[in-house]
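Please treat every number below as a calculation from the coordinates, not as lab data. Keep in mind the model is a prediction, meaning the values are calculated, not measured. No Cβ is skipped: glycine too gets one built from the backbone with ideal geometry, and neighbour counts run over all protein chains shown.
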Amino acid sequence: MQPKSNIVHLPVYQPGKPIEEVQKELGLTEVIKLASNENPFGCSERAKAAIMEQLGQSNIYPDGASAELAEELASRLGVQRNQLVFGTGSSDIILMICRAFLAAGDETVMADETFSQYKHNAEIENARIIEVPLSDGKHDLDGMLAQITDRTKIVWICNPNNPTGTIVSREELAAFLDRVPAHVLVVLDEAYFEFAVDPDYPNGIELLEQYGNLVVLRTFSKAYGLAAFRIGYGVGRPEVIRYINQVREPFNTSRAAQAAAKAALQDPAFVDYCRSENRKGVEYLYEQFERLCLAYFPTQSNFVLVDAGLSSLSVFDALLRKGVIVRAGWRHYPTYIRVSVGTDEQNRKFVAALEDVLQDMAVRG
Ligand SMILES: *Cc1c(COP(=O)(O)O)cnc(C)c1O
């Protein structure tokens, strides 16, 4: 057997540890997972009802074009239906964009650190990856522009950025897009769009009219609480979206996911509630990190990257033993952990566990 040589070294994606596994391994009854930026409030009741309704049609293929969902979404976003492509999560759109745009030797520019799937999928296509270090946790847009050549096919901007939670402002983004050559596709990943409250945070969809080489990614996994159902989307000019649809699997998204997403869009009050509860959680965490003298990046998302001051992997491990799962292990942030904002109760339990862990580790030196 001889797989493509460029995939041999690739890691299998390591998701946040599942709750059941941690319970079993450590003999804990209560475990909270604040590792994958999941919505602690579940999803809209309307979405649940829509999913139940689909169970009777389990034997029928879904609509490959997601026409009903596309119609609902297009009217809410103020775009045409042929400006939308759906995927099994926006991760699937990332995969499709790489498949459609990158050939061996093509160049693609991204931040370092950012969402791992841009690099992963670009490597599968044998593209040349150019990573530009973050500056103070933020995309270095000038540094990224300086790396663009005639061979550059895609530039990735994650806004807010995962794992730092920082944003590129409207002004910074427009100045950047003005300078990106037209032959380069700019992928603007707005997975946490619904959580952002900063008035300077740009809505990428409003920029599509001006910039034809832009594609915006969003997902129902985070603010809409539908991560289990796997549905996300891309928005762009019809000609860009057509290329992505050309490489899409015919029946990629399920009937239940399409119905759930459509119903979720009809319940904006649920997302408003999640946004405001999330922001309260963020403010609480800021307060506690300041009390514990821990530095953190200000966030516009539903997670915070905080400096525990010690090896993040050992803090991760010690928190796990107390029944709290977080995320750790970023190359450029070896002492930082990323914690998803949970319910008020979960946030308090996390802070208490973190305080215990840091105290224990300080005593033991
Ligand atoms: C969570 C996340 C996604 C997509 O998740 P899906 O569940 O595949 O929709 C995309 N980009 C970033 C930055 C994310 O954090």
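Each of Tyr13, Tyr211 was scored by other Cβ atoms within 10 Å of its Cβ. Listed from fewest to most, they are Tyr13, Tyr211. Considering every alpha-carbon pair of the chain, the percent of pairs per 20 Å bin, from zero through the bin containing the longest distance, is 28, 58, 13, 0. Listed by chain and number, the aspartates and glutamates whose alpha-carbon sits under 14 Å from that of Lys138, ignoring those within fewer than 8 places in the same chain, are Asp112, Glu113, Glu172.
Phi angles of the stretch 98-108 translate, via the Karplus equation with coefficients 6.51, -1.76, 1.60 and θ = phi - 60°, into HN-Hα couplings of 5, 5, 7, 10, 9, 10, 3, x, 5, 9, 9 Hz per residue; Gly and Pro are given as x. Within the stretch 56-118, the proportion of Cα pairs with more than 18 Å between them is 56 percent. Between the exposed loop cleavage positions of the chain, defined as GluC sites (Glu not before Pro) in a non-H, G, I, E, B DSSP state with at most 12 neighbouring beta-carbon atoms within 10 angstrom, the longest gap is 31-208. Computed from backbone phi with θ = phi - 60° and the Karplus coefficients 6.51, -1.76 and 1.60, the 3J(HN,Hα) list for the stretch 298-303 is x, 10, 10, 10, 10, 8 Hz; x is used for glycine and proline.
Assuming charge only on the beta carbon of Lys and Arg (+1) and of Asp and Glu (-1), the dipole of the stretch 87-220 about its Cα centre is about 400 debye to the nearest 20.
For the stretch 56-185, the Cα-based Rg and Dmax, in that order, read 16.9, 54 Å.
Can you list residues from other chains, or at least 5 along the same chain, whose modelled amide H is less than 5 Å from the amide H of Val155? Amide H neighbours of Val155: Val109, Leu185, Val186, Val187. In this structure, Glu171 and Ala146 have a Cβ-Cβ separation that, at R0 = 25 Å, corresponds to a calculated FRET efficiency of about 0.80. The alpha carbon radius of gyration of the stretch 318-365, expressed as a multiple of 2.2 N^0.38 Å, is 1.19. If you take the alpha carbon atoms of the stretch 164-274 and fit the smallest convex hull around them, that volume is 128 Å³ per residue.
When the Gaussian network model of the chain links Cα atoms closer than 10 Å, the mean-square fluctuations of Gln83, Gln258, Gln14 top out at Gln14. Of the residues Gln2, Gly342, Leu294, the one whose Cα sits farthest towards the positive end of the charge dipole of the chain is Gln2 (charges of +1 on Lys and Arg Cβ, -1 on Asp and Glu Cβ, taken about the Cα centre). Across the options Cys98, Asn121, Thr88, the greatest Cα extent toward the positive end of the charge dipole of the stretch 87-128 (unit charges at beta carbon of Lys, Arg, Asp, Glu) belongs to Thr88. Applying 1/(1 + (r/R0)^6) with R0 = 22 Å to the Cβ-Cβ distance of Asp63 and Glu249 gives a FRET efficiency near 0.95. Counting only Cβ charges, +1 for Lys and Arg and -1 for Asp and Glu, the dipole size of the stretch 41-113 around its Cα centre is about 260 debye. Computed from the Cβ-Cβ distance with R0 of 30 Å, the FRET efficiency linking Ala74 to Glu345 stands at 0.20. Potential lengthening of the chain between Glu290 and Asp198 amounts to 31.0 nm, from the contour at 0.36 nm per residue minus the alpha-carbon distance. Rounded to the nearest angstrom and listed largest first, the equivalent-ellipsoid semi-axes of the stretch 241-365 from its Cα gyration tensor are 35, 19, 13. Projected label points at Met361 and Leu313, each 7 Å from Cα along the beta carbon direction, are separated by 1.3 nanometres. Beyond 25 Å in Cα-Cα separation lie the following of the pairs Lys24/Lys322; Lys119/Lys322; Lys24/Lys222: Lys119/Lys322; Lys24/Lys222. Per-peptide packing, taken as the mean over residues of other Cβ atoms within 10 Å, places 96-103, 303-310, 174-181 in the sequence 303-310, 96-103, 174-181 from highest down. In the elastic network of the chain, a GNM with C-alpha springs shorter than 10 Å, the most mobile of Val235, Val197, Val132 is Val197. The sum of -39500 (n - 2.57) across all DSSP H runs of n ≥ 4, divided by the residue count of the chain, sets its helix-only mean residue ellipticity at 222 nm to -12000 deg cm²/dmol. In plain terms, if you count all Cα to Cα distances in the stretch 271-313 and split them into 5 Å steps from zero, the share in each step is 5, 23, 28, 20, 14, 7, 3, 1 percent. Remark: the stretch 143-268 carries a charge dipole of roughly 620 debye about the Cα centre, counting +1 on each Lys and Arg Cβ and -1 on each Asp and Glu Cβ. Structural size metrics of the stretch 236-302, computed from C-alpha coordinates, are Rg and Dmax of 19.3, 53 Å. Backbone geometry of the stretch 247-255 corresponds, through the Karplus equation with coefficients 6.51, -1.76 and 1.60 at θ = phi - 60°, to 3J(HN,Hα) couplings of 9, 6, 5, x, 10, 5, 9, 8, 4 Hz, x marking Gly and Pro.
Going from the fewest other Cβ atoms within 10 Å to the most, the residues Ile60, Ile130, Ile241 appear in the order Ile60, Ile130, Ile241.
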